[in-house]
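The structure appears right after this line, and notes come after that.
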Amino acid sequence: MSADFWAGYLSGACSIIIGNPLDVLKVRLQASSSSPPSPSVLPSPTPSPSTPLTLTRPRQQQPWHKTFLLGTAAPILSYGALNALLFVSYNRSESFLNSIYPYPSPAPSQPPPGQSQGGGKGSNLTTTFIAGCISGIATFLVSCPTEIIKVRSQTTSSSSWSIAKSILRTSGIKGLYEAGGVTVVRDSLGYGFYFWGYELSSRLYNGYFGSSSGKNETGRALLCGGVAGVLTWASIFPLDVVKTRMQTQGQRQQQVPERQGLLTAEGKRKGAWQTGKEIYTREGIKPFFRGLGVCSLRAFVVNAVQFGVYEWVMMELGEGRAKSSTALEEAIMG
C-alpha cells in the first residue's frame, strides 16, 4: 500500500485517542436542548413495550475516564481507514486536477500533504479545495456509519457495539446512513476547507519563517494543522449540529421529551431542512453554535497532532515535503 495510506491511517487513529474527551462534550452540547419540555408531551410512566430496552434505561453514572472514552471503539476501528482513504483520495484527486490545470509558477509553494513538486506544476489553491471536497465525498461510506454509532454512544453511555447491533436490528443497513445527506455535504465542504486552510497557512508560514526544515518543519505541521482544523469546524459547525440532532432524534424520547419535536405527526423523522427550521423556531440561533468553543479547542489539538503524525510518517517513508523539496533542488542545480 502507498505511503499516504499508512500515514493517514496512523494519524487518524492517534487523533481519535487524543481528541475523544472533548468530542464527547461537543456532541452532548449539540444534542442537548435549552427549551423546556412541553407538558403536553410528557411521557407516560409506563414504558412502551415496543421501545428497545437499550434506549429507555436510565443513564448510569460512569467513572470519568470511561465517560471520556465513550464512542472511541467505532472511530478507532474505522477512522484510521477513513483517514487513509481521505488522504489517498485527496492526493490522487489533487494530482489529477493539477495535471489539467497546472499552477504557472517558477517557484511553487510547498505541495499539499504527500504530493511532490515537479514537472513545473505546483499547488493551486482552487484545485486544492476541489480535491478536498472530492475526498470528503469519497469517505462518506465509512464516515456516516462511524458518526452515527459514535454520536449515539456518546449521548447514551452505551457501547459502540451495542449501538451498532441496535441500529442494525431496528433499521438495518439503512439506519447506519441516517442523516446521510447532511453528512456528505458537511464532509465535502469541511474537507475542502481543511486542505485549503492547511495549504494556505503553510504558504503564509513559509513566507514568514522561510522554507521549513527540521524543527521548523515540525512547528509548521503542528501550527498549520491546528489552524486548518479550527477553520474547518468554524465553516461547517451549524451543519454538524443539524447532523447530530438528526442522528439522535427520537432517541430516548421518554427521557428527553423535547426531542419529540424533531419527529413528524406520523412519527417519521424529519429531514435536514426541517430539523434546522425546528431548532431555529424552538431555540433561536444559539444552538447552531453551541459547543463551538470546545470543538475549536479540540480541532486545533487533534489536527495539529494529525498533520504532525502524517508528515512524520511520510518523511520516514521517504515521501515527506522536505525530501521532495531536496530532490527538486538537486534536479534544478544539476
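Assorted remarks:
- Selected residue (only one of 188, 171, 201 is surrounded by fewer than 21 Cβ atoms within 10 Å (Cβ to Cβ) and more than 25 Å from residue 94 (Cβ to Cβ)): 171
- Close pairs from the range 217-239: first under 30 Å from residue 273 (Cα atoms), partner at pLDDT 95 or above and basic (Lys, Arg), Cβ under 9 Å, at least 6 apart: 236/186; 239/186
- Flag if residue 160 is of a type in the set (S, T, N, Q), open to solvent by 10 Å² or more (accessible area, probe 1.4 Å), at pLDDT 90 or above and closer than 22 Å to residue 298 by Cα: no
The values are calculated or read from the model by the stated rules, or taken from the named source; none is laboratory data. What you see is a predicted model; the values in this text were computed from it and never measured. We place every Cβ from the backbone using ideal geometry, glycine too, and count neighbours over all the protein chains shown. Note: accessible area is taken over every heavy atom of the protein model, side chains too, but ligands, DNA and RNA are not part of it. Shrake-Rupley method; radii C 1.70, N 1.55, O 1.52, S 1.80 Å.
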